[in-house]
Structures are given as structure tokens and as C-alpha cells.
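Have a look at the structure below before the remarks.
The values are calculated or read from the model by the stated rules, or taken from the named source; none is laboratory data. These figures come from a predicted structure and were not determined experimentally. FYI the Cβ positions are ideal-geometry reconstructions off the backbone, even for glycines, and counts take in every protein chain you see.
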Amino acid sequence: MSSLYYSAPYSNLETVFYQQYQATRRDEVVGVLLALFLGGFGAHHFYLGRIGLGILYLCFSWTGLTWILGFIECFFMPGRVREFNAIQAAGIAAALGIGVPQGWGYPVNVNVYTQQPAAATVGGVAPAPVSTMALSTLVACPRCRNANPPGSRFCGGCGHALEG
């Protein structure tokens with residue numbers, strides 16, 4: 001392929017989103033089949049990028065317990081795959097600096113929750129209990145368009161200082 005193919009700017013960011021999403025998305029049927037037939041080896045966890053659980057299943061595959069869990073988990077795989085795809089779509093859209101295009105399936109809106117520090121006591125009296133989870137969004141770097149957690153001072157991809 002020529003270098004012109006890679007250096008040409010894209011006129012439509014939704015086209016770029018679609019191409020990147022198609023490269024990273026997972027199929028529900030494949031997830032169910034992996035959990036059903038190779039669930040004892042943790043193949044379905046490897047498929048969704050859960051490497052630690054996949055290795056754990058692989059280590060205990062000789063016990064038979066992981067095979068039972070794999071069979072049970074095959075019923076939950078469609079929802080897990082949809083969640084994985086929605087998170088991927090949100091990350092790609094944030095990296096491109098656009099909203100997730102409508103019609104990308106369930107769930108359409110993915111919220112990112114971050115831990116907030118606990119409130120300090122005022123005059124020895126603790127404030128009313130409030131949820132420690134605050135709703136926030138991913139922050140895209142203006143230089144490299146990498147998605148960063150809220151509150152980041154520098155981009156995790158290029159090191160550029162983030163505004164905010």
C-alpha cells in the first residue's frame with residue numbers, strides 16, 4: 001500500500017470511528033461458543049481481554065469447576081460482549097473527540113465512574129453519606145486524541161499537558 005493511503009486526512013470522523021470499532025468489536029455468538037465449549041480453559045475471558053481470569057481458569061481447568069462455571073457463564077456472555085463493545089465504542093469516540101454515533105446498540109451511553117476522595121469532617125461532624133462514585137467522562141488529548149481518565153494532568157499516550 002502506498003504511503004498516501006495512510007497520510008491522507010479523513011473527512012468524516014464517523015468513518016474513522018466505524019473502521020476502528022469494527023477492528024476491536026467482539027461477536028456475541030463467538031463469546032457464547034467459547035464459553036460453552038472452551039470455558040473450562042477460560043477462552044471466553046481471553047476473548048474479552050480478561051487475561052487474569054483466563055489464566056486463573058487455565059490453571060484450574062483440571063478440577064472440573066471451571067468447566068461448570070464456563071457452562072453457566074455462556075448464558076451471561078451476550079450481555080458481557082455488548083458491554084465490552086459499548087466500552088470500546090466510547091473509548092474510540094473519546095479518542096476521536098466525537099460523541100458515540102447513534103445506533104451502536106446496547107448500551108448506547110456508557111458512563112465512566114471514578115473514585116472521589118471522602119469528604120472531610122467539618123467541626124468534628126461528618127457530612128451526610130454521599131455515594132463515593134461520581135459520574136464523569138473520558139478526556140481526549142488535543143494532540144494525539146488518546147482517551148484519558150478524568151482529572152488527568154498529562155496524556156497517557158504522548159505526555160502532553162491536558163487542560164482542566
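For the range 153-164, the condition holds for no residue, the condition being that it is of a type in the set (D, E, K, R), surrounded by 14 or more Cβ atoms within 10 Å (Cβ to Cβ), outside the structural domain of residue 20 (by TED's automatic domain parsing) and at pLDDT 60 or above.
Of all the listed residues (41, 46, 76), the sole one being in contact with a Leu (Cβ under 7 Å, 6 or more places away or on another chain) and either free of Cβ contacts under 8 Å to residues at least 40 places away in the same chain or over 30 Å from residue 140 (Cβ atoms) (or both) is 41. Could you list all residues from the range 62-77 that are surrounded by 15 or more Cβ atoms within 10 Å (Cβ to Cβ) and either in a loop (DSSP other than H, G, I, E, B) or under 23 Å from the mean Cα position of the chain (by Cα) (or both)? 70, 73, 74, 77 - these are the residues of the range 62-77 that are surrounded by 15 or more Cβ atoms within 10 Å (Cβ to Cβ) and either in a loop (DSSP other than H, G, I, E, B) or under 23 Å from the mean Cα position of the chain (by Cα) (or both).
Quick check: anything in the range 102-125 at pLDDT 55 or above and in contact with a strand residue (DSSP E or B) (Cβ under 8 Å, 6 or more places away or on another chain)?
Step one: list which residues in the range 102-125 are at pLDDT 55 or above, which gives 102-104, 123-125.
From what is left, the residues that are in contact with a strand residue (DSSP E or B) (Cβ under 8 Å, 6 or more places away or on another chain) are none.
Looking through the range 102-125, none of the residues is at pLDDT 55 or above and in contact with a strand residue (DSSP E or B) (Cβ under 8 Å, 6 or more places away or on another chain).
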